[in-house]
Amino acid sequence: MRVAIVGCGPRGLGVLERLLVRLRRGPADRDVVIWAIDPVEHGPGQVWRTDQPDWYATNATAAELTAQSFDFPGRPQSYADWAGLDEDTARQIYPSRAEYGRYLRETFVRLCASAPPGVRVFPLTGTATALRRVDGRPHLSVDNGHPDLLVDKVILTTGHSGLEPDDEERALSAHGRHIGGGMAVTMPLDDIEPGSTVAIRGLGLTFYDVTRALTLGRGGRFDRVDDRLRYRPSGAEPRLIAGSRSGLPFRARAELNEPAELAPRPVFLSDDRLAELREAAAARRGQPKLDFAGEVEPLIVAELEHAHRRRDGQEPLDVDVLAKPFADQHFAGSDEFRSRLLDVLREDVTRAKAGSTVDPVKAALEVMRSLRPLMPDVVDFDGLLPDSQQDFLTRWAPMSFLLSAGPPVEHVEQLTALIEAGVLDVVGPQARFEADSEPSRFAVESPAVAGSRRLADVLLDARAPGADLRRDTNPLLRQLLADGMISEHVNVDPRTGRRFASGGLAITASPFHVLDAKGVPDPDVHALGVVTQNTRWFTQVGTGRPGRDSPFRRDADAIAGAVLAGEVRSWPVPA
Ligand SMILES: Cc1cc2nc3c(=O)[nH]c(=O)nc-3n(C[C@H](O)[C@H](O)[C@H](O)COP(=O)(O)OP(=O)(O)OC[C@H]3O[C@@H](n4cnc5c(N)ncnc54)[C@H](O)[C@@H]3O)c2cc1C
């Protein structure tokens, strides 16, 4: 049997682990070849590549990170074990992505060494560009000069992709220096001149990455004076002016005073309650799809309020106000907005430092974070009505990320220091970014802040690209889509005919076969991880926890089971 794992980041690594665990259990001496294909690095992949600078950090603590299951061949090692950290220390540390990448790289090497007799793993450095059937057999092309691979089974774990620019982005690029969306590590940040002005669109995790790269990465330093950070510029920084719809950078993650839960024991959003809701929906609407805002969100809000009250929260908890503290407000000028923003950020830092079990607001937001692994039961595989899925993706998901997927508290402190030092400014809420009438320059402005219009030399898009299969730049996905071998996920309400094309890659339920243009499952091609985002929810790595079972392991294991049980050379000959 010949198996190709296309993309060897955390998910590809997960599938490799499950294949090897199952192969070690026998029958003995099976003749299996596994190709692990990645253009960057096997194990770390692109996100966790080991050659990136240390200012790119994880937003999970060392205590939460693992790439090895409890039945890893040999002795499983969580990241903290590998790094020699005790539990208390591990809860305080957010490792750099490169450091976590080194752990992933070693995990890959340990896995390859664990292959039983007859099983060979071949790492291949390159990008898979096409998968075609020749005389019924699948041929996988890789762009590194290697002859086409003849394979029986293919697992797509291609993760994050870039998107083709839309009309607005094309027009902005034609006007001046527009740095398109994606990961900070792949952006041409070194080309930005000291003293130039950079407008940054988006205040999420990529904004934090870019800001740290253009300050710490330019030789600037943060000093702690009287428990506050002060920024010492190097003189090589550009000036940064940032904005987003809310005008609020992602809030800090609270310091963890106790071990992080893999999943909370929900009080209101229980499995039984969810089953009742689906039954009621089926009786009322003729099918079990739920209305997120009307039926599920009140239960989540109740969970947050419960956590808030348990920690002695006296004021009512208003999630909307936490996510949009400047909504419906007007500011007489940029100074007034800056001062208000600094108040909000400083309060957030104080709460985050108090910790997740002490501060009532952070306790509630930590529950929001830890509820994320439960959301697939609500959302995956058309669990919501089409319009409701769209609402979930465009309203709830961004809001929950802003509130509960933020960086370590120190990164928010650094933002306040940069604002105080005049290196960074946030323009205000409802920020607009456009080409200016002056050649090659961009304008950024907030309608809520009088006189806020500023000009910039560079416009940098720091928004995380969403899933959009039709605009995906991945050459393999483009070819498969063009040839009708994969398709976009569309959520349809059979009763009303309402449709929502989510942009995700259409797949079956576990073990996640891709669906072709006619909706027929391909028996030999599976897909897992970020590449299936929007068809499924919360495909990121963050669901695994050291020593515990998790959906991360179970999903990869289901694919491994199906692959190894499958017929060799079972591809249908196309008509
Ligand atoms: C900048 C950034 C920071 C993040 N930080 C965190 C964090 O701190 N904590 C956390 O839990 N999650 C984080 N995430 C979420 C991230 O999605 C997961 O951590 C995880 O990396 C996803 O795993 P994956 O294997 O699905 O995708 P990826 O990690 O994207 O891996 C996919 C791999 O497939 C390869 N590939 C793609 N196309 C092809 C092809 N055609 N042929 C061959 N190989 C191909 C890519 O090179 C890549 O290495 C972050 C994501 C980003 C973008």
| note | Averaged over all viewing directions, the convex hull of the alpha carbons in the range 1-70 casts a projected area in nm² of 5.8
| task | Could you please state how large a percent of the accessible area of the chain is carbon and sulfur, counting protein chains only and using a 1.4 Å probe? | result | 49
| Spin-label pair Ser437/Thr125, simplified geometry with 7 Å Cα→Cβ offset, distance in nm | 5.3
| How far is helix 409-420 tilted off the main Cα axis of the chain, in degrees rounded to 10, range 0 to 90? | 40
| request: Give the distance, in whole Å, between the Cα centre of the range 81-138 and the Cα centre of the range 492-570. | output: 20
| note | Scoring the range 417-564 by relative contact order with C-alpha pairs under 8 Å, at least six apart, yields a percentage of 13
| Under Stokes-Einstein, with the Kirkwood radius over Cα pairs standing in for Rh, what whole-number D in µm²/s applies to the chain at 37 °C and 0.692 mPa s? | 130
| remark: Per residue, the convex hull enclosing the alpha carbons of the range 438-496 has a volume in Å³ of 202
| message | Kirkwood Rh and Cα-based Rg: tell me the resulting Rg over Rh for the range 513-559, rounded to two decimals. | response | 1.04
| task | Could you provide, to the nearest whole Å², the per residue accessible area of the chain with probe 1.4 Å? | result | 41
| task | Pick out, in residue order, every one of the GluC sites (Glu not before Pro) in the range 36-118 that is DSSP loop and has at most 15 other C-beta atoms within 10 Å; say none if there are none. | result | none
| Contact order normalised by residue count of the range 311-370, Cα under 8 Å, 6+ apart, percent | 40
| Given a cut-off of under 8 Å on Cα pairs at least six residues apart, what relative contact order in percent is computed for the chain? | 20
| Quick one: of the DSSP bridges fully inside the chain, what percent are antiparallel, nearest 5? | 45
| Rounded to the nearest 20 debye, dipole of the range 386-442 from Cβ charges on Lys, Arg, Asp, Glu | 140
| Projected onto the charge dipole of the range 140-245 (+1 at Lys/Arg Cβ, -1 at Asp/Glu Cβ, origin at the Cα centre), which of Val198, Ser161, Ser141 gives the Cα projection farthest towards the positive end? | Val198
| task | Give the cross-link partners of Lys518 among the lysines, using a straight C-alpha distance below 27 Å as the criterion and excluding same-chain residues fewer than 8 apart. | result | Lys153, Lys289
| Size of the range 246-395 along its principal axes in angstrom, Cα-based, largest extent first? | 55, 38, 25
| Convex hull of Cα atoms in the range 217-310, direction-averaged projection (nm²) | 11.4
| remark: With +1 on the Cβ of every Lys and Arg and -1 on the Cβ of every Asp and Glu, the dipole magnitude of the chain about its Cα centre, in debye rounded to the nearest 20, is 880
| task | Filter the trypsin sites (Lys or Arg not before Pro) in the range 2-55 down to the DSSP loop ones having no more than 16 other Cβ atoms within 10 Å, then list what survives. | result | Arg25, Arg30
| remark: Once the in-chain neighbours fewer than 8 apart are removed, the lysines whose Cα is under 20 Å from Lys362 read Lys324, Lys353
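The values are calculated or read from the model by the stated rules, or taken from the named source; none is laboratory data. Remember, predicted model here, so these are calculated numbers, not experimental data. Virtual Cβ from ideal backbone geometry, glycine too; neighbours counted across all protein chains shown. Heavy atoms of the whole protein, side chains included, go into the accessibility calculation; ligands, DNA and RNA do not. Shrake-Rupley method; radii C 1.70, N 1.55, O 1.52, S 1.80 Å.
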